[in-house]
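Contents: one structure, followed by commentary.
The values are calculated or read from the model by the stated rules, or taken from the named source; none is laboratory data. What you see is a predicted model, and the numbers here were worked out from it, not measured in a lab. In this analysis, Cβ positions are derived from the backbone assuming ideal geometry, glycine residues included, and neighbour counts consider all displayed protein chains. Side chains are part of the model used for accessible areas, which takes the heavy atoms of the whole protein and leaves out ligands, DNA and RNA. Shrake-Rupley method; radii C 1.70, N 1.55, O 1.52, S 1.80 Å.
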Amino acid sequence: MALYSDKVMDHFQNPRNVGKIDDADGIGEVGNAKCGDIMRMYIKVKDGIITDCKFNTFGCGSAIATSSMATELIKGKSVEDALKLSNQAVVEALDGLPAHKIHCSVLAEEAVRAAVKDYYDKNGIAYNAEEFQIHDCEHCSE
Amino acid sequence: MFVYADNAATTSVSKTALDAMLPYLTEYYGNPSSLYAFAQKATEAVTEARATVAACLGAASPREIYFTSGGSEADNQAIMSAARLGARKGKKHLISTKFEHHAVLHTLKRLEKEGYEVTLLDVHEDGVVRLEDVAAAIREDTCLVTIMFANNEIGTVQPIAEIGALCREKGIPFHTDAVQAAGHMPIDVEKMNIDMLSISGHKFHAPKGVGALYCRKNIPLFNLIEGGGQERGKRAGTENVAGIVAMAAALKESVDNMEEDSKKMIAMRDKLFAELSKIPHSKINGSLEHHVPGTVNMCFEGIEGESLLLMLDANGICASSGSACTSGSLDPSHVLLSLGLPHEVAHGSLRLSIGEYNTMEEIDHICQVVPQVVDYLRNMSPVWDELEKGQRPHLI
C-alpha cells in the first residue's frame, strides 16, 4: 500500500512489544476513543533504565506502528533519555508518515512521557510539571 | 485469495461494456459533431445509447437523458438548476437528508452560502427517511427535494416512489441520486414520479468518467459547462462516445440480469450478515428490510476501521470503512453519525460491497478472516480491555 512506508507496514503488521506488563512501574495512556486513537504504554524500570516496555493501542495503522516504534526506541534507554524521544525521531525511524498521520507520532511521544510521569509519581521523584503537559487536541476535549 | 469487496466504490468493466466501446476508440473515432458520414457512426452510437439508458430508467423519451462525466456532475447540475429556477420564482428552500453523498451535500452547502435555505432531514437509526418528515419540511418556497435512492455507505433504500408522489402532488421538483441503485434495483422514473435522477457508469461495470442525468422534459436545465451545443445545449464538450456506449451496454446488461444477480448477491450479503453478526459486540448498520442487494456495513466495538482495512488488505480483501482515519479528517463518516452512532463505535466500521462477480468461496474467505482480524486488533486495544473489564460501558 502506497500510503505507508515499508517500515510502517512492518511495524503495523508485526508490532513489537504488544501487550501489558502486570507489575509495570509506570503506565501512561493518551488519546481519546472519540477521536479514534488511544495508546497505553507500560514501562518497567530498574536502576533508572527502562528494562521492558509494552503497549496497547486502539487506532489506525500508523497509531499502531508509531506505538511499536516508540517502544523499540526507549527500551534499554535511561528514563531521562526516553523523555527526550521526540515525535520527529519516531517519524524518521519509520521512514516518514503521511502529513495527516503526524498526529499519531505525537501521541506516541506523549504516551512515553505519560508512562514516565506515572513512574515518577509512584516513586516520589520530583519533576517539572510543565514538561509533562499533554496536548489534548481541541476536538478531543470537546 | 484475492477478494474485491468494494463494488460500491467502483466496479470492473464488464466484457459486454468493453466489447461495445472498443470500436469507438479505434475504428469509429469520429467527432459526433462532424458532418461527414464517417462521424455519423459515432453520432448514431450516442443516439442509440441515449435510447437504451432512457428505456432502462423508464424515461418517456431519450431526449430526457443528458450524458455527463459522472454522478457528481449530474448531482451538481440537477441541484444548481433547480436552485436557479427556484430563485427566479422567489423560491430558495431545498430539502435533502443528512446522509447524502458529498456531491449533493457540498452543492447544498454552496447554495446556503449564496443565501438559500436547506433542510436536511433525519434518517433515523435505521437509515431510512420518513415520508411524513419530508411532508412536514415542505414549504411554500421549496424549490427542490433531493433524496438519494440508496445510500452509498450503508445501502439503505429510501421510499422514493412515495416521496415522488408527494412531491408531484405538491408541485415540487424531485431529484434522486441513484448512483448506488442504477443497475442494481428496479428504477422507473415515470411510475416513481422522479423529475431528475443521477447515475454513474462505473458503479455498474462501465468505465469511470461517464454518467447521466435524467431530467423530465418540462423541467428547464441550466448549464454547468458552457461551450458547444452538445446534449441539446445543456452540457458542452465533445461526447465521451466510447464511455457513453459502454455505459448503455453495461446498464442494459445489469437491468436484464437484475433478478438473477440480485438473488445471488442477496445470498452472499445475508451470509456475511449472519456470520459476521456472530462476532460479539458487533452491529449491522441500516435497515435490513430496505436494503440494496450488495452492501454490508457493520461496526465492531473496540477497534478502529483503518487498521481493520489494512489487515484485510494483507489478507487479500479489498473493503472500506467510515472511520476518521480513512477519510483524513477527525470525524468518522457523516453517514454513520447520522444514524446516531457514537464516534467511538463509528470509528470501528467496515463496509463490504459485493457484486455479481463475487463467489460464495470469496464470502467464506471474508467470513473466516474478519473475525480473526477483529480478534487480533481487539487483543491489542486498550479500549477493548476496558470494555471487557467493565471499566467502560459497551455501546453495542
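Specify whether the C-alpha gyration tensor of region B:1-102 places it in the rounded, prolate or oblate class, a ≥ b ≥ c being the square roots of the eigenvalues: rounded for a/c under 1.5, otherwise prolate if a/b is larger than b/c and oblate if not. The shape class here is oblate.
Among the residues of B:308-316, the average count of other protein chain beta-carbon atoms within 10 Å of the residue beta-carbon is 3. When the accessible areas of B alone and A alone are added and the area of the pair subtracted, with a 1.4 Å probe, the result is around 2200 Å², both sides summed. Dipole orientation for region B:217-294: of the candidates B:Ile284, B:Gly243, B:Phe222, B:Ile284 has the Cα lying most toward the positive pole (charges on Cβ; Lys, Arg +1; Asp, Glu -1).
For region B:186-238, place one equal point scatterer on every Cα, skip the solvent, and apply the Debye formula. What is log10 of I(q)/I(0) at q = 0.21 Å⁻¹? So the normalised log intensities are -0.93.
When restricted to Cα atoms, region B:141-184 yields an Rg and a Dmax of 11.1, 34 Å, respectively. Across region B:29-83, the fraction of Cα-Cα pairs farther apart than 15 Å, rounded to a whole number, is 61%.
With a/c under 1.5 counting as rounded, go ahead and sort region B:143-282 into rounded, prolate or oblate using the C-alpha gyration tensor (a ≥ b ≥ c being the square roots of the eigenvalues; past the cut-off, prolate if a/b is larger than b/c, else oblate).
Numbers: a/c = 2.29, a/b = 1.45, b/c = 1.58.
Oblate, since a/c reaches 1.5 and b/c is not below a/b.
If you wrap region B:1-54 in the convex hull of its Cα atoms and look at it from every side, the mean projected area works out to 5.5 nm². Over all projection directions, the Cα-based convex hull of region A:42-125 averages an area of 5.0 nm². Averaged per residue, region B:252-396 has 38 square angstrom of accessible surface, using a 1.4 angstrom probe with ligands and nucleic acids left out.
Taking every protein chain into account, the 1.4 Å probe leaves B:Tyr24 with about 50 Å² of accessible area, to the nearest ten.
Rounded to two decimal places and with Rh computed the Kirkwood way over Cα pairs, what is Rg over Rh for chain A?
Values: Rg = 14.2 Å, Rh = 14.9 Å.
With Rg and the Kirkwood Rh in hand, the quotient comes to 0.95.
Summarising the amide proton neighbourhood of B:Leu121: residues at separation of 5 or more, or on other chains, whose placed amide H is nearer than 5 Å comprise B:Ser96, B:Thr97, B:Lys98. In the protein assembly as shown, the portion of solvent-accessible area held by carbon and sulfur atoms comes to 51 percent [1.4 Å probe, whole percent, DNA, RNA and ligands not counted].
Taking only the alpha-carbon atoms of region B:345-396, what semi-axes of the equivalent ellipsoid follow from 5 times the gyration tensor eigenvalues under a square root, in whole Å, largest first?
Working from the Cα gyration tensor, I get semi-axes of 29, 12, 7 Å.
Shielding of peptide A:97-107 by partners, expressed as the average count of other chain Cβ atoms within 10 Å per residue Cβ, is 1. Just round it to a whole percent: the fraction of Cα-Cα distances in region A:21-88 exceeding 21 Å. Counting every Cα pair in region A:21-88, those more than 21 Å apart make up 22 percent. Considering the convex hull of the alpha carbon atoms of region B:96-210, report its projected area averaged over all viewing directions, in nm², one decimal. Hull-based average projected area comes out at 7.4 nm².
Summing Cβ point charges (Lys, Arg +1; Asp, Glu -1) relative to the Cα centre of chain A gives a dipole of roughly 340 debye. Accessible-area loss of 40 Å² or more (1.4 Å probe, protein heavy atoms, chain alone versus all protein chains) is found in region A:29-62 for A:Ala33, A:Lys34, A:Arg40, A:Asn56, A:Phe58, A:Cys60.
Computed from Cα positions, the angle between helix B:160-170 and the longest principal axis of chain B comes to roughly 50 degrees. In the calculated pair-distance distribution of region B:213-307, the portion above 15 angstrom amounts to 76 percent of the Cα-Cα pairs.
Of the two radii for region B:274-396, the radius of gyration is 0.95 times the Kirkwood radius, both from the alpha carbons; that is the Rg over Rh value. Taking max minus min of the alpha-carbon positions on each principal axis, region B:86-125 gives extents of 37, 16, 12 Å, largest first.
At 1.002 mPa s and 20 °C, plugging the Kirkwood radius over alpha-carbon pairs of chain B into Stokes-Einstein gives what diffusion coefficient in µm²/s?
Working: Rh = 21.9 Å.
Here the translational diffusion coefficient equals 98 µm²/s.
Using a 10 Å cut-off on Cβ atoms, rank the peptides A:121-127, A:45-51 from the highest mean neighbour count down. Can you show the working numbers first?
Numbers: A:121-127: 10.1, A:45-51: 13.9.
Put in order of decreasing packing, that is A:45-51, A:121-127.
Here B:Ala9 and A:Asp81 are evaluated by their C-beta separation; at R0 = 56 Å the FRET efficiency comes out at 0.75.
Can you work out the FRET efficiency for the pair B:Asn257 and B:Glu140, with r the C-beta to C-beta distance and R0 = 30 Å, to the nearest 0.05? Mind dumping the intermediate values first?
Working: r = 45 Å, r/R0 = 1.51.
My answer for the efficiency is 0.10.
For chain A, the longest principal axis of the alpha carbon atoms and the long axis of helix A:61-74 meet at an angle near 40°. Return one number: the angle in degrees, 0 to 90 and rounded to the nearest 10, between the long axis of the Cα atoms of helix A:102-122 and the longest principal axis of the Cα atoms of chain A. With rounding to tens, the tilt is 10 degrees.
Listed peptides B:363-369, A:66-72 appear in the order A:66-72, B:363-369 once ranked by packing, highest mean of other Cβ atoms within 10 Å at the front. Given a 1.4 Å probe and the protein chains as shown, A:Arg40 ends up with an accessible area of around 20 Å². Based on protein heavy atoms only, region B:1-153 ends up with 45 Å² per residue of surface accessible to a 1.4 Å probe.
Once Rh is set to the Kirkwood radius over Cα pairs, what Stokes-Einstein translational diffusion coefficient, in µm²/s, holds for the protein assembly as shown at a temperature of 10 °C and a viscosity of 1.306 mPa s?
Details: Rh = 25.4 Å.
Here the translational diffusion coefficient equals 63 µm²/s.
Answer rounded, prolate or oblate for region B:14-171, using the Cα gyration tensor with square roots of eigenvalues a ≥ b ≥ c: rounded when a/c is under 1.5, else prolate when a/b is larger than b/c, else oblate. Taking the square roots of the gyration eigenvalues as a ≥ b ≥ c, region B:14-171 is prolate. Measuring only protein heavy atoms, the 1.4 Å probe finds B:Glu162 accessible over about 90 Å².
Note on region B:82-161: Kirkwood radius taken over Cα pairs, Stokes-Einstein applied at 37 °C and 0.692 mPa s, translational D equal to 254 µm² s⁻¹.
Calculated FRET efficiency, B:His106 and A:Ser5, Cβ-Cβ r, R0 30 Å, to nearest 0.05?
0.40
For B:371-381, what's the mean count of beta carbons from other chains sitting within 10 Å of each residue's beta carbon? Could you put the intermediate results ahead of the total?
Numbers: counts 0, 0, 0, 0, 0, 1, 4, 1, 3, 14, 8.
Partner Cβ neighbours, averaged per residue: 3.
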